[in-house]
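Laboratory data are not the source of any read-out in this text; all were calculated from the coordinates shown. On a predicted model such as this, the values are computed, not experimentally measured, just so you know. When we count neighbours, we look across all protein chains shown, and the Cβ atoms used for this are built from the backbone with ideal geometry, even at glycine.
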Amino acid sequence: MIDALTQPLTREETIPKPKEKEVFLPVEITAESYEAALEKFNQLFLENHWGDGLPLLPPTPERVKWMLTGTNRSPNEVIGKVAPKNGIATIEKIAINAVMAGAKPEYLPVISSWLTPERVKQHFAHNHPTRVERFDLPGFGAMNFLLHDVLGGGGMASLRTDNLAKAYGQVLLALEVAVPPGVAV
């Protein structure tokens with residue numbers, strides 16, 4: 001162990017191997033009834049850690065098409081990159097996540113347009129973020145926000161009471177979302 005930590009790297013160790021790009025194939029679930037298929041679908045997601053443990057609805061092509069009726073934007077429109085692997089978030093991928101979370105088509109424009117980095121930066125103005133980035137998280141039906149320079153150094157270097165931002169998600173939940181007239185919640 002000590003040798004491995006103290007000896008210089010070998011030539012092979014200095015040249016990192018290129019990572020293979022992950023290829024995700026559609027998942028097909030069959031069962032004797034809809035209820036059994038839904039159970040198998042959710043069990044598969046739990047076993048592979050593809051979700052947060054909450055029940056999911058299958059994003060069938062029909063349901064995704066139905067979800068896309070909630071927007072006039074192109075399904076292929078790129079919204080941004082998704083951390084941590086820098087996947088590409090499109091309107092269609094957001095629609096797939098919305099279907100899985102049980103949303104309705106009229107929610108999609110609200111989901112994809114209301115929680116902007118600018119709005120989150122304004123909500124956290126008391127922490128003086130220099131920049132806010134949003135990352136959509138496929139498979140989780142969620143978004144992740146990165147607030148830059150809000151922790152005063154973070155960890156032990158910070159004098160803030162929440163020096164690791166553990167409560168920031170709860171603070172974000174206090175942000176009221178304006179629901180347009182005609183959208184049933």
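Quick look at the values:
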{"read-out": "Positive-pole candidate from N48, G152, V171, dipole of the chain, charges at beta carbon", "value": "G152"}
{"read-out": "Extension reserve of the D149-A178 stretch, reckoned as 0.36 nm per residue once the Cα distance is removed", "value": "7.7 nm"}
{"read-out": "Residue order, fewest to most surrounding Cβ atoms within 10 angstrom, among D136, D149", "value": "D149, D136"}
{"read-out": "Likely footprinting exposure, D3, D162, fewest C-beta neighbours within 10 Å first", "value": "D3, D162"}
{"read-out": "Among the listed pairs K21/K121; K19/K85; K40/K81; K21/K81; K81/K121; K17/K85, those beyond 22 Å (Cα-Cα)", "value": "K21/K121; K40/K81"}
{"read-out": "Sequence-distant residues sharing a close amide H with I79 (under 5 Å, placed H)", "value": "A89, T90, I91"}
{"read-out": "Cβ-derived FRET efficiency at R0 30 Å, K85 paired with K65, nearest 0.05", "value": "0.65"}
{"read-out": "Convex hull per residue volume in Å³, alpha carbons only, for the chain", "value": "207 Å³"}
{"read-out": "Percent of alpha-carbon pairs separated by more than 15 Å within region 1-73", "value": "74 percent"}
